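Step one of this worksheet: look at the structure below.
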Amino acid sequence: GRPSYLEILGDRYPTDSITNLTPAILAKVPLRLHTRPSHPLNTLRGLIESHYSDFTHLSSLSPLVSPYKNFDELSFPQDHPGRAVTDSYYVNKDLMLRTHTSAHEVEVFRRGEDKWLLTADVYRRDEIDGSHYPIFHQMEGARIFAADATGMREVAEDNARLRHRLAQAPIVIEDVPHLAPTNPPQATHDPAYAALVAENLKLSLNSLMLTLFGGQAGVGGGAPLRVRWIEAYFPFTSPSFEVEVFFRGKWLEILGSGVVRQATLDTANVPNKIGWAFGLGLERIAMILYSIPDIRLFWSTDERFISQFTDKEITTFQPYSKYPSCFKDVSFWTAQGLDLHENDFCDVVRDVAGDLVEDVKKIDSFVHPKTNRTSLCYRINYRSMDRSLSNEEANDIQAQVVSRLEEQFGVEIR
Ligand code: PHE
């Protein structure tokens, strides 16, 4: 059964019927990789902080937030899928692990910060593969201006400065030509103000992309950096955009952004401001810049990983030998009337196998026409990043996975 309380970062919290935080996740909450000297995530944070050197930099806010703060304060609708217990980690119905750094927007704006960057660990239940991990790191950046002639003069001056920097740089930008009707400037905004702010957002982030990815672009007549702006939807910004960068032959999704919803600023007690925000995932960018092939490596304590990095330097990771992998399949009938969510399956595997699991794939699923029960088959790929895993050890882990599935979800192994 479930424990009556969870101890997190030195405090105890009562559990309830929706508690779904596993020991494997809890053990990683204190680690705060983005603050470890020489760690790639810390170096990348430093690079982005130096780019935004005149912003306030925050990196020590607790990951425990109320669902109200993570969702409601940011205008998420009541039925948003992110709220589901299958998608987010809950301590109890009133407390969860933040799913994004935007959860702190209201509190930081309320403190009176008007240009700030915030780095933090965030948590999402997800599938298991080389680029997904239930804990990752985001950076939120935001800037707000007085919504009056003085504020708009400040925006216009900053826009001129950034336009000048970009005009001389090896960068090609594809912009969104027209806004979709579902992604409009906000009705309460003066359209001229909203346009200046959106332009500041784009110029500022194009300039950041140049800092992060522009290293070789244009050098010796080489190809310029390509950045494209795509329309997006977030409950707490409008208009909203995603930024993609063309790097080593592929378009990479880098961040989400937009003009902050006025409701957020009203709640934060700064109703007379207007501004923008963005949020980016550090792992994705670090994997590209350092050529790190598997997201689990960020958590590795192996000297062969750790010793490769120097503080404040982006270098190319030299992979050490890949150890053999070991596939194990498990087929089962789910309990009558119960469907087992893939994220529930994955959390059992993570909790038992830790970082020895490389990926999990559903390879079969069907419903029995007579009994109406669902049959599922998953293939689990076990591989250690540090050593050779024996078949016995994998069998032993697999046996534990199987008994946990039986106990926790009442499945019947086939
Ligand atoms: N919080 C969003 C995410 O995690 C990103 C975002 C931040 C979008 C700020 C807009 C503004 O996907």
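The values are calculated or read from the model by the stated rules, or taken from the named source; none is laboratory data. All values derive from a computational prediction rather than experimental measurement. Virtual Cβ from ideal backbone geometry, glycine too; neighbours counted across all protein chains shown. Just so you know, the surface numbers come from the protein's heavy atoms only, side chains and all, with ligands and any DNA or RNA stripped out. Shrake-Rupley method; radii C 1.70, N 1.55, O 1.52, S 1.80 Å.
Output the residues belonging to segment 96-107 that are away from the ligand (no atom under 12 Å from the Cβ) and in contact with a strand residue (DSSP E or B) (Cβ under 6 Å, 6 or more places away or on another chain).
Result: 96, 97.
Scanning segment 314-346 for residues being open to solvent by less than 70 Å² (accessible area, probe 1.4 Å), of a type in the set (Ser, Thr, Tyr) and under 24 Å from the mean Cα position of the chain (by Cα) gives a total of 1. Output yes when any residue across segment 223-240 is within 24 Å of the chain's Cα centre (by Cα), crowded, with 20+ Cβ neighbours inside 10 Å and among the small types (Gly, Ala, Ser), and no when none is. Within segment 223-240, one or more residues are within 24 Å of the chain's Cα centre (by Cα), crowded, with 20+ Cβ neighbours inside 10 Å and among the small types (Gly, Ala, Ser).
Within segment 212-222, the set of residues being open to solvent by less than 60 Å² (accessible area, probe 1.4 Å) and either modelled with pLDDT of 95 or more or among the hydrophobic types (A, V, I, L, M, F, W, C) (or both) comprises 212, 213, 217. What do you reckon, is residue 267 open to solvent by 20 Å² or more (accessible area, probe 1.4 Å), within 16 Å of the ligand (Cβ to nearest atom) and out of contact with any strand residue (DSSP E or B) (no Cβ under 8 Å at 6 or more places or on another chain)? Yes; evaluated as a whole, the condition is true for this residue. Being under 26 Å from the mean Cα position of the chain (by Cα) and within 13 Å of the ligand (Cβ to nearest atom) is the requirement here; does residue 260 meet it? Judged against the criteria, residue 260 is a match.
The set of residues in segment 379-398 that are assigned to a loop (DSSP other than H, G, I, E, B) and in contact (Cβ under 8 Å) with a residue 24 or more places away in the chain comprises 383, 384, 385, 386, 387, 388, 389. The set of residues from segment 13-27 being surrounded by 16 or more Cβ atoms within 10 Å (Cβ to Cβ) and assigned to a helix (DSSP H, G or I) comprises 24, 25, 26.
Per-residue answers, yes or no, for (1) of a type in the set (Lys, Arg); (2) touching a residue at least 60 places away in the same chain (Cβ under 8 Å); (3) closer than 27 Å to residue 385 by Cβ:
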position: 96; (1), (2), (3): no, no, no
position: 113; (1), (2), (3): no, no, no
position: 117; (1), (2), (3): no, yes, no
position: 126; (1), (2), (3): no, yes, yes
position: 129; (1), (2), (3): no, yes, yes
position: 132; (1), (2), (3): no, yes, yes
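Go through segment 246-256 and give me each residue that's within 16 Å of the ligand (Cβ to nearest atom) and not charged (D, E, K, R). Listed by number, the residues that qualify are 252, 254, 255, 256. For segment 51-81, a residue qualifies if it is open to solvent by 20 Å² or more (accessible area, probe 1.4 Å) and either among the aliphatic types (A, V, I, L, M) or within 14 Å of the ligand (Cβ to nearest atom) (or both), and the qualifying residues are 58, 61, 64, 69, 73, 75, 76, 80, 81.
Yes/no matrix, rows are residues, columns are (1) closer than 29 Å to residue 307 by Cβ; (2) open to solvent by 20 Å² or more (accessible area, probe 1.4 Å); (3) at pLDDT 95 or above:
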residue: 348; (1), (2), (3): no, no, yes
residue: 364; (1), (2), (3): no, yes, yes
residue: 372; (1), (2), (3): no, yes, no
residue: 381; (1), (2), (3): yes, no, yes
residue: 386; (1), (2), (3): yes, yes, no
residue: 395; (1), (2), (3): no, yes, yes
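Can you confirm whether segment 143-159 contains a residue that is within 16 Å of the ligand (Cβ to nearest atom) and either part of a strand (DSSP E or B) or on the phi > 0 side of the Ramachandran plot (or both)? Yes, there is a match, as at least one residue in segment 143-159 is within 16 Å of the ligand (Cβ to nearest atom) and either part of a strand (DSSP E or B) or on the phi > 0 side of the Ramachandran plot (or both). Any residue at all in segment 28-42 that's assigned to a loop (DSSP other than H, G, I, E, B), without any contact (Cβ under 8 Å) to a residue 40 or more places away in the chain and in contact with a strand residue (DSSP E or B) (Cβ under 8 Å, 6 or more places away or on another chain)? No, there is no match, as no residue in segment 28-42 is assigned to a loop (DSSP other than H, G, I, E, B), without any contact (Cβ under 8 Å) to a residue 40 or more places away in the chain and in contact with a strand residue (DSSP E or B) (Cβ under 8 Å, 6 or more places away or on another chain). Return the residues of segment 160-183 that are surrounded by 14 or more Cβ atoms within 10 Å (Cβ to Cβ) and within 16 Å of the ligand (Cβ to nearest atom); say none if nothing qualifies. Hits for segment 160-183 are 176, 179, 183.
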